[in-house]
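Asks: Could you have a look at this structure, given as structure tokens, before my questions?
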Amino acid sequence: MIRRTTFIQCAILLLVLISIGCKQIRKVADVLVQPTAREIYARNFENDNQQFAIWERAFKEARKDSLLINLPYVEIAKGFSHRYVVYSYNLFLEEGVTLHVDIKNREEESRFFIDVLQIASDSSIAQFAQNEINSPILQIEIETTGTYKILIQPEINALGDFEIQMYNTPRFMFPVAGSTNDAVQSFWGAKRDAGARLHEGIDIFATRGTPVVAAAEGRITSAGNRGLGGKQVWLRTGLLGKSLYYAHLDSIMAQVGDRVNVGDTLGLVGNTGNARSTAPHLHFGIYKTGKGAVNPLPFVWKTTKPELTNPLPITPQLKVSSTRANLRNSPTTNSLVVGEAIKSDTLQLLGYTNKWAHVLTASGKKAFVHSSLVATP
């Protein structure tokens, strides 16, 4: 009996050691391979993957969705414990912004999977970024201007409503102290010299002597009075970074070789160079090695976080209360009509974004409908 007990204890100990060993091996492998949040989540269903297969299929189908939104965007979404709903949005993003996707549970604590895909000119889709396994947020810098797709998927059997916030922040600081977006009065691509050339930057108007500041950390590579830019400063953000160009300064307060931090004063607003006949302003440009000038506006344009005004009550379903209701691909009245519902039709409510309902039709099509055209059953 003692030997039998000892044998059982040894067997149990061996199984524990094997289990611990496998976990350690997996941890080491994860460091090397860096699995995605979805791949880590799939391990919970290794012995019963039927639910996970349905969940994954819903994600793949949502890649085909084509709803369009503009940022900032906020939505109170409806949690489902019995359906595999994926929230999918297409949007245009410009180089120079940082994309923020924040998910906030309003009731039950649930996990969410955030995927950002990049859509090429030939309509092919490539994975761009994902959140970490237990993180309800994603922040990613945009290096290429284009169309992106954001997919947000609650974990299996997630409960409770949640809030989706999506917005941009500029990569760099605004380069004129105390100024706002309204101070930008000449934009990228504007015609110059009767159309002989195009404006390779933005003009930010301010009182003469207003401090011009470092929009990013870096090193001063050039400073002096020369050419069309008059008194000017060049700031490089890193060895392979971008060159920031400050022109028409009234005076220069930085020297070549200086290491500067964000917000350090580089000079004062003026109108030197070919700007002598215009009001004092800063010409601000950004140049990429080997690619020339890029639009600097998204890099510095100040933004705000979205706020939901007068949130409507979340119910599982809505009924069309008007004679007809246009279903649109974007929450605006001038967007594309992608379908139509008639009076008493039932729509599955996915969420509200201000005065627009995000809905799912009986045929499985996602769309937006104005809240004035629907009502709670």
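Asks: What is the residue count in segment 358-368 for residues that are crowded, with 21+ Cβ neighbours inside 10 Å and either aromatic (Phe, Trp, Tyr) or free of Cβ contacts under 8 Å to residues at least 40 places away in the same chain (or both)? Quick ask: steps written out before the conclusion?
Replies: Initially, segment 358-368 is screened for residues crowded, with 21+ Cβ neighbours inside 10 Å, giving 358-359, 366-368.
Still in the list and also either aromatic (Phe, Trp, Tyr) or free of Cβ contacts under 8 Å to residues at least 40 places away in the same chain (or both): 368.
Matching residues across segment 358-368 total 1.
Asks: Going by what's in this entry, would Ala325 be described as within 23 Å of the chain's Cα centre (by Cα), modelled with pLDDT of 95 or more and buried (at least 16 other Cβ atoms within 10 Å of the Cβ)?
Replies: No; evaluated as a whole, the condition is false for this residue.
Asks: Out of Thr147, Thr169, Thr207, Thr221, I need the residue that is part of a strand (DSSP E or B), more than 21 Å from Ile114 (Cα to Cα), open to solvent by 30 Å² or more (accessible area, probe 1.4 Å) and among the β-branched types (Val, Ile, Thr). Which one?
Replies: Answer to the check: Thr221.
Asks: Show the residue pairs that are 6+ apart or on different chains and have beta-carbon atoms under 9 Å apart, the first residue being within segment 226-244 and over 19 Å from Phe172 (Cα atoms) and open to solvent by 30 Å² or more (accessible area, probe 1.4 Å), the second being among the β-branched types (Val, Ile, Thr) and not in a loop (DSSP other than H, G, I, E, B).
Replies: Lys231/Ile252
Asks: If we scan segment 91-108, do we find a residue that is on the phi > 0 side of the Ramachandran plot, assigned to a loop (DSSP other than H, G, I, E, B) and at pLDDT 95 or above?
Replies: Yes.
Conditions (1) in contact with a His (Cβ under 9 Å, 6 or more places away or on another chain); (2) farther than 21 Å from Thr210 by Cα, marked per residue:
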residue: Val260; (1), (2): no, no
residue: Pro280; (1), (2): yes, no
residue: Phe284; (1), (2): no, no
residue: Gly292; (1), (2): no, yes
residue: Pro298; (1), (2): no, yes
residue: Lys302; (1), (2): no, no
residue: Leu312; (1), (2): no, yes
residue: Thr315; (1), (2): no, yes
residue: Val320; (1), (2): no, yes
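Asks: Let me ask something else about it. Applying the selection to segment 101-134, what residues are over 24 Å from Glu61 (Cα atoms) and open to solvent by less than 60 Å² (accessible area, probe 1.4 Å)?
Replies: Result: Asn105, single match.
Asks: Still on this structure: Say we look at segment 135-144 and pick out the residues that are more than 22 Å from Arg83 (Cβ to Cβ) and assigned to a loop (DSSP other than H, G, I, E, B); which of these is least open to solvent (accessible area, probe 1.4 Å)?
Replies: Top of the filtered list is Ile142.
Asks: Hey, any hits in segment 276-290 for a residue that's within 16 Å of Ser179 (Cβ to Cβ), of a type in the set (A, V, I, L, M, F, W, C) and open to solvent by 80 Å² or more (accessible area, probe 1.4 Å)? Working first, answer last.
Replies: Step one: list which residues in segment 276-290 are within 16 Å of Ser179 (Cβ to Cβ), which gives 279-284.
Restricting the remaining residues to those that are of a type in the set (A, V, I, L, M, F, W, C) gives 279, 282, 284.
If we keep only those that are open to solvent by 80 Å² or more (accessible area, probe 1.4 Å) as well, we get none.
There is no residue in segment 276-290 that is within 16 Å of Ser179 (Cβ to Cβ), of a type in the set (A, V, I, L, M, F, W, C) and open to solvent by 80 Å² or more (accessible area, probe 1.4 Å).
Asks: Which one of these does Val369 not meet: (1) in contact with an Asp or Glu (Cβ under 8 Å, 6 or more places away or on another chain); (2) not in a loop (DSSP other than H, G, I, E, B)?
Replies: Of everything listed in (1) in contact with an Asp or Glu (Cβ under 8 Å, 6 or more places away or on another chain); (2) not in a loop (DSSP other than H, G, I, E, B), Val369 misses just condition (1).
Asks: For segment 240-256, check the following and say yes or no: at least one residue is touching a Lys or Arg at 6+ places or on another chain (Cβ under 8 Å), farther than 22 Å from Asp182 by Cβ and in a loop (DSSP other than H, G, I, E, B).
Replies: no
Asks: Something else: From the list Lys355, Lys319, pick out the single residue that is charged (D, E, K, R) and farther than 24 Å from Tyr84 by Cα.
Replies: Of the residues listed, the single one that is charged (D, E, K, R) and farther than 24 Å from Tyr84 by Cα is Lys355.
Asks: Looking at Ser344, Ser330, Ser322, Ser363 in this structure, which one is closer than 13 Å to Leu67 by Cβ and either touching a Gly at 6+ places or on another chain (Cβ under 6 Å) or part of a loop (DSSP other than H, G, I, E, B) (or both)?
Replies: The unique qualifying residue is Ser330.
Asks: Right, something else. Looking at segment 1-83, what helices (runs of 4 or more DSSP H) fall wholly within it and have at least 2 residues that are at pLDDT 90 or above and among the aromatic types (Phe, Trp, Tyr)?
Replies: Hits in segment 1-83: 50-62.
Yes or no, residue by residue, for (1) buried (at least 17 other Cβ atoms within 10 Å of the Cβ); (2) more than 30 Å from Phe174 (Cβ to Cβ); (3) polar (S, T, N, Q):
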| position | (1), (2), (3) |
| --- | --- |
| Ala37 | yes, yes, no |
| Phe45 | no, yes, no |
| Phe52 | yes, yes, no |
| Leu67 | yes, yes, no |
| Arg83 | no, yes, no |
| Ser88 | yes, yes, yes |
| Glu95 | yes, no, no |
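Asks: Same structure, new question: Taking the condition open to solvent by 10 Å² or more (accessible area, probe 1.4 Å), in contact with a strand residue (DSSP E or B) (Cβ under 8 Å, 6 or more places away or on another chain), not acidic (Asp, Glu) and not in a strand (DSSP E or B), does Gly263 pass?
Replies: Numbers: open to solvent by 10 Å² or more (accessible area, probe 1.4 Å): yes; in contact with a strand residue (DSSP E or B) (Cβ under 8 Å, 6 or more places away or on another chain): yes; not acidic (Asp, Glu): yes; not in a strand (DSSP E or B): yes.
Considered against the rule, which asks whether it is open to solvent by 10 Å² or more (accessible area, probe 1.4 Å), in contact with a strand residue (DSSP E or B) (Cβ under 8 Å, 6 or more places away or on another chain), not acidic (Asp, Glu) and not in a strand (DSSP E or B), Gly263 comes out as yes.
The values are calculated or read from the model by the stated rules, or taken from the named source; none is laboratory data. Keep in mind that this is a model prediction, so the values were computed, not measured. All Cβ positions, even for glycine, are placed from backbone atoms using ideal geometry, and neighbour counts span all protein chains on display. The area values use the complete protein model at the heavy-atom level, side chains included, leaving out ligands, DNA and RNA. Shrake-Rupley method; radii C 1.70, N 1.55, O 1.52, S 1.80 Å.
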